[in-house]
1. What shape does region A:461-524 take by its C-alpha gyration tensor, where a ≥ b ≥ c are the square roots of the eigenvalues and a/c under 1.5 counts as rounded, a/b above b/c as prolate, and the rest as oblate?
2. Where does helix A:30-51 land angle-wise versus the long Cα axis of chain A, in degrees 0 to 90, nearest 10?
3. Quick one: ranking A:ASP39, A:ASP100 by accessible area, 1.4 Å probe, largest first, what do you get?
4. Given A:LYS27/A:LYS189; A:LYS202/A:LYS550; A:LYS101/A:LYS129; A:LYS196/A:LYS371; A:LYS56/A:LYS106, which pairs have Cα atoms separated by over 24 Å?
5. Given Cβ point charges of +1 (Lys, Arg) and -1 (Asp, Glu) and nothing else, what value in debye, to the nearest 20, does the dipole of chain A about its Cα centre take?
6. Starting from region A:1-51, pick out the GluC sites (Glu not before Pro) whose DSSP state is loop and whose Cβ has at most 16 other Cβ atoms within 10 Å.
7. Using a 1.4 Å probe, what is the accessible area per residue for region A:355-489, in Å²?
8. Once the cut-off is 15 Å, how many percent of the Cα-Cα pairs in region A:425-493 end up in the long-distance tail?
Amino acid sequence: MNEIVAYRTLDGDYSDDNIQGSKPIKKFSEDALNIMRHDMAHILAEAVISLFPTAKPTIGPFIKNGFYYDFDIERSLNEEDINKIESKMSEILKEGRGFDKKIISKNEALKIFKGNSYKIDLIENIKDKKLTLYEQKNFIDLCKGPHHQNTSEYDAHFKIINISGAYWRGISTNKMLQRIYATAWFSKKDLENHLKNIEEAKERNHRKLGTEMGLFLLTEFSAGNVFWKANGLTLYSNITNYIREEQRKLNYFEVKTPELVSNELWVKSGHWDNFKENMFTTETDNKTFALKPMNCPCHIVLFNSELITYKDLPLRYSEFGKCHRYEPSGALNGLFRVRGFTMDDAHIFCTEDQIYEVCNETSTLIEKIYKEFGFTKVKYNISTRPEKSIGSDEDWENAEVQLKKVLSDSGKIFNILEGEGAFYGPKIEFTLEDSLGREWQCGTIQIDFNLPSRLGAKYKDKNDDNKTPIMIHRALVGSLERFIAIILENTNGWLPLLITPIQLAILPISEKFADYCNELNIKINHKIRSIVDDSDNKLGYKIRSSVAKKIPYTLVIGEKEIESGNFTLRNKSGENKIINNIESLIDFFE
RNA sequence: GCCUUCGUAGCUCAGUGGUAGAGCACUUGCUUGGUAAGUAAGGGGUCGGAAGUUCAAUUCUUCUCGGAGGCACCA
């Protein structure tokens with residue numbers, strides 16, 4: 001039997017043809033899995049067509065963990081339909097299907113797909129004169145392939161995951177189609193494992209953890225805005241305090257600027273023209289105000305209020321700035337995407353020559369903070385000059401070279417996203433990977449050649465001439481709200497000791513020891529975020545309850561401890577550590 | 001914003017065209033217990049909101065608000 005499924009070309013595409021430089025794709029490899037998933041998309045399409053003969057198939061690629069197929073179907077599919085489709089797919093697989101490749105002309109293709117306007121659209125947009133079809137027993141699809149010869153070459157284990165809407169060609173003015181998402185694997189075990197991972201991710205959902213740990217509330221009274229509870233605010237403050245200390249070491253000036261700002265500033269900055277639709281506005285005293293969607297113009301207002309000389313540069317303004325952006329209702333997503341969020345923002349004013357120094361210190365800071373909060377896998381992207389941009393060639397060239405140098409000097413491997421920079425300057429983006437393998441773009445360093453001159457920022461150089469500074473926008477974790485969600489899901493609520501809202505639960509074995517515990521709590525709670533559970537419950541119950549609240553340590557206090565003066569510190573897994581006195585206990589948490 | 005779907009007690013969720021139920025939590029009593037649920041009793045809900053159909057709506061219909069999963073969007 002043939003052990004080669006298809007080929008992988010030099011540019012990474014899959015192909016049936018062994019073009020020069022291609023690598024063979026072996027059976028059951030990762031690439032073969034993708035091809036199998038694409039096979040399954042065709043099987044799905046056959047199943048759907050057999051159950052809904054008027055349905056028009058459109059496109060159906062493989063994706064991470066599975067595949068989808070978009071259909072135009074007269075009525076919307078329900079749970080029952082899904083079950084039927086799954087059964088039908090199983091039937092088809094039992095019979096087995098071969099995928100026969102046919103090369104035909106455009107005209108022939110137009111004839112074959114004449115009832116399907118979507119396929120016609122695709123065919124008309126294909127440049128080649130010849131195109132390929134893959135034909136199976138009861139279904140034929142326009143498809144560049146490749147496919148396995150026959151489904152009998154493997155066991156496919158699949159499951160339909162969900163149905164959703166998706167615009168034809170991804171354009172929101174086009175018709176919305178029905179997208180069927182499914183997952184597929186070569187073994188039952190892989191499938192089950194994947195389904196288990198989905199369950200695991202649900203268990204770790206930050207909304208669930210937020211409720212269990214008493215962190216925050218999301219309510220209809222302000223969709224997209226967070227009500228922080230005491231524990232959540234403790235967490236939030238612990239993060240900002242840590243960042244604040246680190247910034248202080250780097251000579252930042254922390255500032256606070258208004259949330260409500262006259263549109264005069266937004267008109268000047270250009271935000272009014274470009275982003276008015278995404279800003280919350282209000283009319284008061286016949287003037288228009290907007291909630292700030294970002295902090296930069298406000299920081300330039302501060303910069304302009306003083307006489308700044310070259311001796312003051314680099315000048316670093318930081319702000320935990322509360323920003324508001326109107327996000328479409330469908331975009332809101334727990335703490336991940338909100339309408340009111342706090343940026344750990346800073347704007348650093350400097351000269352061209354200082355770009356390297358500033359970006360280097362910022363990059364180091366970002367690394368340090370990610371590490372402290374438990375993220376060690378970081379990816380780096382540099383986005384370069386787009387077609388539509390402002391600023392001189394020299395400025396762009398200089399800035400891009402310096403950004404690249406910052407990363408390469410510290411031994412980082414990075415991607416270059418050509419032309420992906422903002423119109424006002426290039427940027428570095430920091431993406432971290434969490435324990436479930438998901439990636440989150442958090443930190444960013446952006447050079448700005450535009451806004452300082454637009455808002456008239458000036459400093460005096462050595463010759464007493466007015467110069468326009470370069471401004472560097474910089475965020476470390478990005479939105480604090482979003483970062484808290486990421487860190488919660490990454491740790492499943494077992495937050496780093498530094499930031500966890502409650503570090504220690506003191507558990508008296510019985511009421512008799514409650515006073516001792518409360519006194520102990522008073523002695524330590526200026527250094528340790530501790531609570532006493534003096535409820536009338538048994539020890540086992542109290543332990544269970546503190547574990548459920550994700551409190552990392554407990555101290556069990558009974559006759560033994562009081563007599564010996566020792567403390568037994570229990571961690572979440574039930575391991576004990578003997579501590580001799582209060583000082584050592586405090587040291588442990590510091 | 002669009003598609004699908006959901007909204008019942010503090011939390012997780014059952015259920016019904018005749019105004020509701022469980023577990024956990026909570027309160028009280030008993031229990032004073034040594035490492036993940038001791039025990040009994042009790043309180044608690046305009047069934048997201050509005051309108052409509054009906055003798056009767058939490059249940060059906062429409063609108064609206066909010067959530068979830070996607071799509072689009074994300075300076």
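The values are calculated or read from the model by the stated rules, or taken from the named source; none is laboratory data. Everything quoted here is computed from the prediction, not taken from an experiment. Using ideal geometry, Cβ is built from the backbone for each residue, glycine included, and neighbour counts are taken over all protein chains shown. Heavy atoms of the whole protein, side chains included, go into the accessibility calculation; ligands, DNA and RNA do not. Shrake-Rupley method; radii C 1.70, N 1.55, O 1.52, S 1.80 Å.
1. oblate
2. That helix lies at roughly 60 degrees to the long axis.
3. Values: A:ASP39 0, A:ASP100 90 Å².
Sorted by accessible area, descending: A:ASP100, A:ASP39.
4. Details: A:LYS27/A:LYS189 18 Å; A:LYS202/A:LYS550 17 Å; A:LYS101/A:LYS129 16 Å; A:LYS196/A:LYS371 28 Å; A:LYS56/A:LYS106 19 Å.
Long pairs (Cα-Cα over 24 Å): A:LYS196/A:LYS371.
5. On the way: 80 positive and 87 negative charges, 187 e Å.
The calculation lands at about 900 debye.
6. Values: sites: A:GLU3, A:GLU30, A:GLU46; in loops: A:GLU3.
Answer in residue order: A:GLU3.
7. 42 Å²
8. Here the long-distance tail beyond 15 Å is 64 percent of all Cα pairs in region A:425-493.
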